[in-house]
1. Pull up the stretch 260-283, narrow it to residues that are at pLDDT below 85 and either closer than 24 Å to A213 by Cβ or in contact with a Lys or Arg (Cβ under 9 Å, 6 or more places away or on another chain) (or both), then point me to the one that is surrounded by the fewest Cβ atoms within 10 Å (Cβ to Cβ).
2. For the stretch 128-165, name all the residues that are at pLDDT 80 or above and among the charged types (D, E, K, R).
3. Just checking, which of K86, K94 is under 32 Å from the mean Cα position of the chain (by Cα), surrounded by 15 or more Cβ atoms within 10 Å (Cβ to Cβ) and farther than 23 Å from E69 by Cα?
4. Quick check: anything in the stretch 329-344 outside any helix (DSSP H, G or I), in contact with a helix residue (DSSP H, G or I) (Cβ under 8 Å, 6 or more places away or on another chain) and modelled with pLDDT under 85?
5. Return a yes/no flag: does the stretch 256-272 have any residue that is in contact (Cβ under 8 Å) with a residue 12 or more places away in the chain, more than 30 Å from Y124 (Cβ to Cβ) and part of a helix (DSSP H, G or I).
Amino acid sequence: MNPENQPVRVVAASGGVLWRMGAKGPEIAIVHRGRYNDHTLPKGKVQPGESWQDCAKREVKEETGFEAEILEHAGWVCYVAGEITKVVRFWNMKPLGEPQFQQSEEVRSVEWLTPREALEKLSYPGERILVKQQCPPGSQERRKRLLLRKVMRKLLTSPQSLQHRRLEAELGAYRLELGARNETYGGDASTLAAISIVEGAQEALEEGKVDQAWLAYDAARRMAIGSSGDAMLALDAVALRNEAEKLGSKWKKSTIQAILHEPLEQKRETLLPRVLKAMELRDLELQNAHFKVSRLGELLAFLTAAVLLLLGLILILAYWQQIPPPLGNWSRLTAVICFGALGGAISTMLSSVPEELGRRIPFHIIAVNLAFARPILGAAAAVAVDAFLQIGFISIAHTVSGAEFMAVSFAAGFSDRLLLRAVANLAGANTNKREPSEQGVPEKTSASGMKVPKPETPEKTDAAQGEPK
């Protein structure tokens, strides 16, 4: 063991998210523990020689009275309780047969709650996040999510995808680092626990569960911090304190900065639990951000698919002459869609390099999703603008040629500002006439697009009297 380190106690545990169909829909089993007076998912320590899965079944049986069948891996929860760092691995499970629950000093009662009720009842944030990420077995929401995952998996979780390749590379490098620590310092508890979690992360990655793999990777890094030397631990604390400046949650930011105040002057036994808690808060914030980004990505994918289907339907109806002219001109409509998509694609290319390369990973994930959606949305905008112009919703000052319509279609896909300028030119700028005193004095604009007020004309004065005329 590293001579600089104090012993760190790491406890491996396993548990289950036990589902059943109740009167109000899918329900989750929540246990009320009398010793701690809290509400948690059923879980417990892994015994020597016991597998994670066997431990989960045993603990669910002991705490709820149900024999249970494992459905799939649900995720990891890692937290610090006093001087103990606990790693819990959960599985989605379903009950088998009748319960044989007996109240004990450890478990006072078992409640079956809907997922929404469980989120309000559970005592620990890590378990609340875990439950929020699950879908009830057999539910319509689960079927929709599985269908969406099957559609998007080739792009998002295939071995060729950026996320998969990045995580696979990080797990491989981190596994080598942990192996070197294990050989150098004799296999302390923190390193062994981190190695076990990395193996679980690799299993999740091979199954295509990239989100779970990332959560496990974060948990492994928290576990391994216990094997760091005093100097490295202090530097990690300084880095965490500075990193908190970029967190979106104000209370997490202020909490991390408060508990890591002057880390270089703190002793190891005081600093280590503070660093672990700070890492837990940071990872919790990043997990929340990633969860929101994932949901936004799913929404963008759904909306993009819906717009694409509608565009295809419009083209089909126009081809079979089911749309009255002039809106139903199939060749013209096809050209409008193509120029709109071209404008959206070129706009995406020009803005592909973000202004701030220091932005976090979720920003770039959204940027990738928008890159796929922008050409399709540009084509839809071009169709809408073309329809407005043809039906006279926007009055046109002169006869518009086909080339001008194509230019407007391109502008509609490129940007809203360019679109407004193009439509204004077609509609005729003379429709909004200025007063005679203002004609011939064009307004100037700054580089940012803001209007610059015209300079006031100095009043003429009588040289003799000095009074204005």
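1. H261
2. Answer for the stretch 128-165, where residues must be at pLDDT 80 or above and among the charged types (D, E, K, R): R128, K132.
3. Sole residue among the options that is under 32 Å from the mean Cα position of the chain (by Cα), surrounded by 15 or more Cβ atoms within 10 Å (Cβ to Cβ) and farther than 23 Å from E69 by Cα: K86.
4. yes
5. yes
The values are calculated or read from the model by the stated rules, or taken from the named source; none is laboratory data. Bear in mind that the values here come from a model prediction, so they are computed numbers and not experimental data. For neighbour counting, all protein chains shown are included, and Cβ atoms are generated from backbone atoms with ideal geometry for every residue, glycine included.
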